[in-house]
1. When only residues in the stretch 338-355 that are closer than 23 Å to Ala57 by Cα and open to solvent by 70 Å² or more (accessible area, probe 1.4 Å) count, which is nearest to the ligand (Cβ to nearest atom)?
2. Does any residue of the stretch 227-240 turn out to be buried (at least 19 other Cβ atoms within 10 Å of the Cβ) and under 13 Å from Ile332 (Cβ atoms)?
3. Of the residues that sit in the stretch 120-164 and are among the acidic types (Asp, Glu) and within 17 Å of the chain's Cα centre (by Cα), which one is most open to solvent (accessible area, probe 1.4 Å)?
4. With the condition being more than 17 Å from Ala264 (Cβ to Cβ) and not aromatic (Phe, Trp, Tyr), I'd like the strands (runs of 3 or more DSSP E) fully within the stretch 146-247 carrying at least 2 qualifying residues.
5. So if I check each of Ala240, Ala179, which one is within 13 Å of the ligand (Cβ to nearest atom) and within 17 Å of Pro273 (Cα to Cα)?
6. Filter the stretch 91-101 down to the residues that are more than 10 Å from the ligand (Cβ to nearest atom) and open to solvent by less than 30 Å² (accessible area, probe 1.4 Å), then identify the one that is farthest from Glu47 (Cα to Cα).
7. Pull out all pairs, ordered by first then second residue, where Cβ-Cβ is under 6 Å, the residues are six or more apart or on different chains, the first lies in the stretch 137-149 and is more than 13 Å from Ala168 (Cα to Cα), and the second is acidic (Asp, Glu).
8. Give the residue, chosen from Leu71, Leu39, that is more than 22 Å from the chain's Cα centre (by Cα) and crowded, with 18+ Cβ neighbours inside 10 Å.
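The values are calculated or read from the model by the stated rules, or taken from the named source; none is laboratory data. Quick caveat, the model's predicted, so the values are computed rather than measured. Every residue, glycine as well, gets a Cβ built from its backbone with ideal geometry; the counts of neighbours run over all protein chains shown. Surface accessibility is based on the protein's heavy atoms, side chains included, excluding ligands, DNA and RNA. Shrake-Rupley method; radii C 1.70, N 1.55, O 1.52, S 1.80 Å.
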Amino acid sequence: MEAIQTVIRVQNIRYDKAEEALYIIDQTKLPGEEREIRLRTVEEMEEAIRALRVRGAPAIGICAAYCLYVLARSIDAPESGAFLEQFRALAQRIGNARPTAVNLSWAVRAMVETAEAHRDEPRAALLEALYEKAADIHRDDIEKCTKISEYGLTLVKDGDGILTHCNAGPLATSRYGTALGPILLGTERGMTFHVFSDETRPLLQGTRLTSYELQRAGVDVTLICDNMASIVMKNGWVQACFVGCDRVAANGDTANKIGTSGVAILAKHYGIPFYVLGPTSTIDMACPDGDHIPIEQRDPQEIKTMWYEKPMALPEVKCYNPAFDVTDHSLITAIVTEQGICRPPYTESLAALFEKKP
Ligand code: MRU
């Protein structure tokens, strides 16, 4: 129990209001080092998001919101028109730091709308509104993760084996996380799960972050290479797959960390339910299907050299390094949000989440 508390209280993003300073845990240093870094400039912020010092769709959104508050404080503009112009330009830079996770543009848009709504107020009131919006996005995510965890927990039973890919735990969000949420919540309530964590090539989020979070929480976690998912499923050790998401299209197609769609295809083959867990801020109803989701391409050195003492391929060898892939909606058993569990047809069940309630 104490272990779980340590993990869920991890402050991956921390705004110190007294000091007016934004800190993140540098996730590239985990699990070896738990180091906080302070983000002050737009260059540092863009770099932190691009280099995955802060990562995971909801966490990127939360961080971006605080970044824009910090940047707004440094804008020196005589009147509101000039302020807004500079604020929008900064927002565009932060919003473009990574393309796939829709939470980033969602949070940036919310901050710009807040600035626009308070444009005629004194500077102190405008800044306060921006701080409150960022803190709201943060608080809201904690609440959403808690609800997602509760709903997700209804899909598994004590003793189940669960396979997960990448990292969708507290480091990627806030509090319990999304895909790891039901596991942490169930463990807190005395349940036992046997979790298989895919290492998640090339950036090893499963190795460095998921196995770290689960081990520290006292969960029975077994680390496997990505190409071992099939054998653990065939052995009958997996009763459910839980993954997070970076963008869910209106038809249920889901972008998540590269390799996720392969896990879904295997799960279908072995008759194992495949669940996507994420907040409604990750659902992009303006995006009709997976073909419209922009996929981030990353540096080939992540594959060839990054983790090795010596290069593992000739320098002239070509590399293809997409950071995400799209899992077809037909492979997804259910999408778990803070508002409940959506089942196929997703065009209907997802749309219902956004219908105005009387
Ligand atoms: O490139 P990353 O590490 O930011 O990718 C993260 C993922 O793909 C996560 O599974 C996703 O963002 C969900 S986080 C709750």
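1. Among those that are closer than 23 Å to Ala57 by Cα and open to solvent by 70 Å² or more (accessible area, probe 1.4 Å), it is Gln339.
2. Yes, there is a match, as at least one residue in the stretch 227-240 is buried (at least 19 other Cβ atoms within 10 Å of the Cβ) and under 13 Å from Ile332 (Cβ atoms).
3. The selected residue is Glu143.
4. 194-198, 220-224
5. Answer to the check: Ala179.
6. Ala91
7. Cβ pairs passing all conditions: Lys144/Glu338; Lys147/Glu338.
8. Of Leu71, Leu39, the one residue that is more than 22 Å from the chain's Cα centre (by Cα) and crowded, with 18+ Cβ neighbours inside 10 Å is Leu71.
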